[in-house]
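See structure below.
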Amino acid sequence: MVITKVKNLKGEITVPGDKSISHRGVMFGAISDGVTELTGFLDGADCRSTIGCFRAMGIDINQEGSHVVIHGKGLHGLKKPESILDVGNSGTTTRLISGILSGQSFISTLDGDDSIRKRPMGRIITPLSQMGAYIKSIKDNGCAPLEMGGSSLNAIHYDSPVASAQVKSCVLLAGLYADGITSVTEPVISRNHTELMLSGFGANITSEKLTASIVGQPKLYGQKIAVPGDISSAAYFIAAGLICDNADLLIKNVNTNPTRAGIIEVAKAMGGKIELLNERIVSGEPVADIHVCTSSLHGCEISGDIIPTLIDELPVIAVMAAAADGTTTIKDAAELKVKESDRIATVTENLKNMGCDITATDDGMIINGGNPLHGTKIKTYLDHRIAMSFAIAGLIADGETSFDDEKCCVISYPNFFETLKALS
Ligand code: S3P
């Protein structure tokens, strides 16, 4: 795949279904009574890992592309898998499913690829152990492979040191299997899809400020869910529409949940021409069409409470910053270091190689934008968001931008390059 500078970028697109919501739809459907039907499901490698894990535990799941039907067996209907559960590259699968597996009467083991084996699982081992779960990092290094289950759980209150929806969701899901009320307080609010969706399935789950609480042992009932487009996938086209010449893009049917939509605020703060049209609620989630066009961007500071609402978008926001006049400072984003790659390092290395003035810091980056970018071979580190963010940088760079391996896009956006090519 080679990307070159575009002269114009126009059109109307939809992006694949939201990854976070797709994972949750499968998981919650599996532990509910009756049938759950998902439309708009993200047919990407990560969500397929989630489907594979639940099939291995006896759940009948029919998938035809973005249409998925899950025949749930209730809270206590999973059966012991015959082999190790394969979570692939998916941190969301690993951490959320661990909450469910910890509450099972059987012991199971999960494992994933080289990237998953480096990601911190101490953040879920700590609260699950406090709940009385048996959970063990088999290599004793705080990472996968993990073994868990076979003990009963107590409800706890957990003060999470990190703003992480994966940690929060893991504890809340374990809370389904405990008697009493389990609650989690976060330092800053993270995405709340678990709270919204579990409530739709019939759980007694409440949120107040930074605390989410769930009552254990509920009856959950299968639902019909229309999964909206993923703002993290729309982000590449939001950025492209703002930084390319002669651009005008309409991205339809995108999830704009405020706990996810920080990129819209940042685009506005940078002077971007961006508007939300046709705002509505679909399956309990805010959805809109997003219109963007060519803008003169200027740098800004991105820090504090907004960070969890745009954590996955920071690589492409860094690309926007490289195209903007002036300095953009990203702070309070040390979590970037423990994503599919160390995204402070991988963004800095690739943007520097394209001619951008960028400095990595302990918790973010300082980007002095406005230098012309030039094409290079992008080192993706097999991180889907790095590949796609730098494809967008390639649209404004002189020369050719290529990739050591762009196939990693299958994790969250299998048709990304086709959609991009069709617009230019
Ligand atoms: C996700 C939460 C985020 C995000 C990930 C998906 C989720 O991770 O980076 O891509 O679906 O809950 P953290 O909550 O750990 O930051």
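The values are calculated or read from the model by the stated rules, or taken from the named source; none is laboratory data. Everything quoted here is computed from the prediction, not taken from an experiment. Ideal geometry is used to build each Cβ from the backbone, glycine not excepted, and the neighbour counts take in all protein chains shown.
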Looking at the range 129-146, can you tell me whether even one residue there is within 14 Å of the ligand (Cβ to nearest atom) and touching a residue at least 60 places away in the same chain (Cβ under 8 Å)? no
Would you kindly identify the strands (runs of 3 or more DSSP E) lying entirely within the range 341-424 that contain at least 2 residues that are more than 28 Å from K10 (Cα to Cα) and in contact (Cβ under 8 Å) with a residue 12 or more places away in the chain? 357-361, 364-369
Could you grab the pairs with beta carbons closer than 6 Å, sequence gap of 6+ or different chains, first residue in the range 161-176 and in the same structural domain as M197 (by TED's automatic domain parsing) and under 12 Å from I189 (Cβ atoms), second one more than 6 Å from the ligand (Cβ to nearest atom) and in a helix (DSSP H, G or I)? A163/P308
Select from the range 124-152 the residues that are among the polar types (S, T, N, Q) and part of a loop (DSSP other than H, G, I, E, B) and write down the one among them that is farthest from I97 (Cα to Cα). N141
Output yes when any residue across the range 105-123 is part of a helix (DSSP H, G or I), of a type in the set (S, T, N, Q) and within 16 Å of the ligand (Cβ to nearest atom), and no when none is. no
Residue by residue through the range 215-238, note down the ones that are more than 22 Å from R260 (Cα to Cα) and either in a helix (DSSP H, G or I) or among the aliphatic types (A, V, I, L, M) (or both). V215, L220
Which numbered condition trips up R119, out of (1) in contact with a Gly (Cβ under 6 Å, 6 or more places away or on another chain); (2) closer than 16 Å to S152 by Cα? (2)
Output the residue which, of all residues in the range 153-191 that are part of a helix (DSSP H, G or I) and small (G, A, S), is nearest to the ligand (Cβ to nearest atom). A165
Is it the case that T206 is outside the structural domain of E285 (by TED's automatic domain parsing) and buried (at least 24 other Cβ atoms within 10 Å of the Cβ)? no
Can you tell me which residue in the range 8-56 is farthest from F201 (Cα to Cα), limited to those that are of a type in the set (D, E, K, R) and over 19 Å from the mean Cα position of the chain (by Cα)? K10
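Answer yes or no as to whether G29 is within 20 Å of A174 (Cβ to Cβ) and part of a loop (DSSP other than H, G, I, E, B).
Numbers: within 20 Å of A174 (Cβ to Cβ): yes; part of a loop (DSSP other than H, G, I, E, B): no.
No, not satisfied.
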On the given criteria, is G34 of a type outside the set (S, T, Y) and either in contact with a Leu (Cβ under 8 Å, 6 or more places away or on another chain) or assigned to a loop (DSSP other than H, G, I, E, B) (or both)? no
Quick count over the range 326-360, residues being more than 23 Å from the chain's Cα centre (by Cα) and β-branched (V, I, T), is 4
